[in-house]
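Written out below as structure tokens is the structure these notes cover.
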Amino acid sequence: MRNQLLEDLFAYKKTTALLAAFKLGLFQQIKEYGCLNQNVCRRLGWNERYTVLLCVYLTNEGYLIEEDIGWRINKDFEKQLAAFTKICEHENTLYHKWLSPEMIASSVQSETDSRLFDKEGFAPVEQSVYDNIMYGDNFNLIVFHLMRKIKNVMSFPVRYLEYGRSEGRIGQVLKKQISEIIVDSISFDQPLRSESFDVIIIYNTIHYDTREEWKTIFNQMKNLLNKNGVLCIADVFYKEDNVFRSTVLLDWITHGGVYNIYSHEVVQQLQSIGFTKVEQQSIDSISIDLLFAYK
């Protein structure tokens, strides 16, 4: 238990070192110069001794490899460097603005679910970084699985509605793959229209309304679906012993939705309002679960 406590307490130092390396552009400089050594430090105007200390630490963490000519990037890490750069930008915002001990304590001590984030939100630049993470490569994987469902159970043309915070972005990707699809979208703060659809998808939205509110929305969506229609919910749900999904709990406390944390509860609610079958599929590479509910 003592080791666990110390690891948790010192974890912020790993975060600080990694974010500092990205802020310096350390990894990018290594890519440009081929390595990081005394000569490169002089060109960059970096303190050599302090740079060595940081590089030794990053080497111990597995990000760098020390060679005779200087430090290089671990090849496995280098392959994912571009994606990690965006993630670090987003996490840096959270680290300095939202995920402080004070912010978590303030949320826990509040008598309502209203938090400072709900009033201020992300700045435009911060929102852009967040959107790139949540709505970037994720869409291609979600669309891949969604297309298989559409092609297996539906005839074309297909009417598609995207509801929620993704604002039609998945539909744009889907349209490029399937031309015989009529794409529509609606924001989560707008009322549903009385139209009929074959597919309705909800992404990154389920956590922002209560179960009672979703009961009304799900019933409306069920009535909008055509025969053999399917409702797809794509989101991150908490799973035990999963490091990433556990950290999402902290995001929800300070700056995300606070409802519908467990996928099985959403499945039970869908079944209780009359969806005949609900299938669940995990996309582990992006920690997203897909729930397919059939009318």
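Right, Ile73: more than 30 Å from Ile200 (Cα to Cα), touching a Lys or Arg at 6+ places or on another chain (Cβ under 9 Å), surrounded by 11 or more Cβ atoms within 10 Å (Cβ to Cβ) and at pLDDT 90 or above or not?
Numbers: more than 30 Å from Ile200 (Cα to Cα): yes; touching a Lys or Arg at 6+ places or on another chain (Cβ under 9 Å): yes; surrounded by 11 or more Cβ atoms within 10 Å (Cβ to Cβ): yes; at pLDDT 90 or above: yes.
In short, yes.
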Checklist entry - What about Gly164, is it open to solvent by less than 60 Å² (accessible area, probe 1.4 Å), out of contact with any Cys (no Cβ under 6 Å at 6 or more places or on another chain), within 19 Å of Val230 (Cβ to Cβ) and free of Cβ contacts under 8 Å to residues at least 60 places away in the same chain? => result yes
Checklist outcome for this item: Picking from Leu24, Leu19, Leu58, Leu54, the residue that is without any contact (Cβ under 8 Å) to a residue 24 or more places away in the chain, surrounded by 14 or more Cβ atoms within 10 Å (Cβ to Cβ) and closer than 20 Å to Glu89 by Cα would be Leu24
Checklist entry - Does Gly25 count as over 22 Å from Glu126 (Cβ atoms) and among the small types (Gly, Ala, Ser)? => result no
Checklist entry - In the stretch 167-185, which residues are on the phi > 0 side of the Ramachandran plot and either open to solvent by less than 10 Å² (accessible area, probe 1.4 Å) or in contact with a Phe, Trp or Tyr (Cβ under 6 Å, 6 or more places away or on another chain) (or both)? => result Gly168
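Condition first: among the polar types (S, T, N, Q) and without any contact (Cβ under 8 Å) to a residue 12 or more places away in the chain. Now tell me which residues in the stretch 79-101 satisfy that.
Selection gives Gln80, Ser100.
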Next on the checklist: Given the criterion in contact with a Lys or Arg (Cβ under 9 Å, 6 or more places away or on another chain), surrounded by fewer than 18 Cβ atoms within 10 Å (Cβ to Cβ) and of a type outside the set (Lys, Arg), identify the matching residue among Phe197, Phe188.
Outcome noted: Phe188
Next on the checklist: Every residue in the stretch 112-159 that is without any contact (Cβ under 8 Å) to a residue 40 or more places away in the chain, under 15 Å from Lys176 (Cα atoms) and either crowded, with 17+ Cβ neighbours inside 10 Å or polar (S, T, N, Q) (or both), please.
Outcome noted: Phe139, Asn140, Val143
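I'm trying to understand the selection: among the residues of the stretch 87-107, which are part of a helix (DSSP H, G or I) and surrounded by 16 or more Cβ atoms within 10 Å (Cβ to Cβ)?
Cys88, Glu89, His90, Glu91, Asn92, Thr93, Leu94, Lys97, Trp98, Met103, Ser107
Report yes if Thr85 is over 30 Å from Asp131 (Cα atoms) and among the β-branched types (Val, Ile, Thr), otherwise no. Steps first, please.
Numbers: over 30 Å from Asp131 (Cα atoms): no; among the β-branched types (Val, Ile, Thr): yes.
For Thr85, the condition - over 30 Å from Asp131 (Cα atoms) and among the β-branched types (Val, Ile, Thr) - is not met.
The values are calculated or read from the model by the stated rules, or taken from the named source; none is laboratory data. Nothing here was measured: the structure is a model prediction, and the numbers come from that model. When we count neighbours, we look across all protein chains shown, and the Cβ atoms used for this are built from the backbone with ideal geometry, even at glycine. For accessibility, only protein heavy atoms count, side chains too; no ligands or nucleic acids. Shrake-Rupley method; radii C 1.70, N 1.55, O 1.52, S 1.80 Å.
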